[in-house]
Amino acid sequence: MSELSELYQQVILDHNKKPRNFHKLEAANRTAEGFNPLCGDQLTVYLQLEDEVVKDISFEGSGCAISKAAASMMTQSIKGKSKQDAETLFDEFHRMVTGELDEEATPNNLGRLTIFSGVRDFPARVKCASLSWHTMHAALNGDNSVSTE
Ligand code: ZN
């Protein structure tokens, strides 16, 4: 467990310092804004959706280390995925951080994203970790904004 939390901290720090896909996407045809009033996390997700496939995805915004790292890893996980696969991953991630999915007992596609499983023990942090996912989900479905409140 301490190993896991060490890995978790390393990954969070790394992605917070060097967030991936952290820029505005000029070719985006879907965007959504997400806001987590509890913590103050705010971000915009840009999606380029073509033939039901996420050709490209990026984000911008400001927030705590967890929200930024989660957004960074979300973009890495979603890029190149079909809309259907992106929705499946959103569902799995959401159920994992809210404690509905036991990622060790149930087959899933989460891969490295399972490092976020620990946030389920910190209810206030669940929204930080899932904000970018809710925002991506909104963008994918043509909604322009999402608030976790
Ligand atoms: Zn936060």
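Pick out the one residue from S67, S5, S82 that is surrounded by fewer than 18 Cβ atoms within 10 Å (Cβ to Cβ) and in contact with a strand residue (DSSP E or B) (Cβ under 6 Å, 6 or more places away or on another chain).
The match here is S82.
Can you name the residue in segment 104-118 that is in contact (Cβ under 8 Å) with a residue 24 or more places away in the chain and touching a Phe, Trp or Tyr at 6+ places or on another chain (Cβ under 9 Å) and is also surrounded by the fewest Cβ atoms within 10 Å (Cβ to Cβ) among such residues?
Top of the filtered list is G118.
Take V146 and tell me if it is crowded, with 17+ Cβ neighbours inside 10 Å and either in a helix (DSSP H, G or I) or away from the ligand (no atom under 15 Å from the Cβ) (or both).
The answer is no for V146.
Of the residues in segment 121-142, how many are more than 13 Å from the ligand (Cβ to nearest atom) and either among the aromatic types (F, W, Y) or surrounded by fewer than 17 Cβ atoms within 10 Å (Cβ to Cβ) (or both)?
Total meeting the criteria: 4.
If we scan segment 50-71, do we find a residue that is of a type in the set (F, W, Y), touching a Ser or Thr at 6+ places or on another chain (Cβ under 7 Å) and at negative phi?
yes
Among A32, A70, A28, which is of a type in the set (G, A, S) and assigned to a helix (DSSP H, G or I)?
Result: A70 is the single residue among A32, A70, A28 that is of a type in the set (G, A, S) and assigned to a helix (DSSP H, G or I).
So for segment 48-59 (the condition being under 13 Å from the mean Cα position of the chain (by Cα) and surrounded by fewer than 18 Cβ atoms within 10 Å (Cβ to Cβ)), does at least one residue qualify?
no
Within segment 26-36, which residues are over 13 Å from A129 (Cα atoms) and under 17 Å from the mean Cα position of the chain (by Cα)?
Result: R30, T31, A32, E33.
Any residue at all in segment 45-59 that is within 17 Å of K127 (Cβ to Cβ), within 16 Å of the ligand (Cβ to nearest atom) and in a strand (DSSP E or B)?
Yes, because at least one residue in segment 45-59 is within 17 Å of K127 (Cβ to Cβ), within 16 Å of the ligand (Cβ to nearest atom) and in a strand (DSSP E or B).
Quick one: would you say T88 is touching a residue at least 24 places away in the same chain (Cβ under 8 Å) and either under 15 Å from N21 (Cβ atoms) or surrounded by fewer than 19 Cβ atoms within 10 Å (Cβ to Cβ) (or both)?
It is false that T88 is touching a residue at least 24 places away in the same chain (Cβ under 8 Å) and either under 15 Å from N21 (Cβ atoms) or surrounded by fewer than 19 Cβ atoms within 10 Å (Cβ to Cβ) (or both).
Assigned to a helix (DSSP H, G or I), more than 14 Å from the ligand (Cβ to nearest atom) and basic (K, R): which single residue out of R20, R95 fits that description?
R95
Every read-out reported here was derived from the displayed coordinates using simple, explicitly stated rules and does not represent laboratory data. Remember, predicted model here, so these are calculated numbers, not experimental data. No Cβ is skipped: glycine too gets one built from the backbone with ideal geometry, and neighbour counts run over all protein chains shown.
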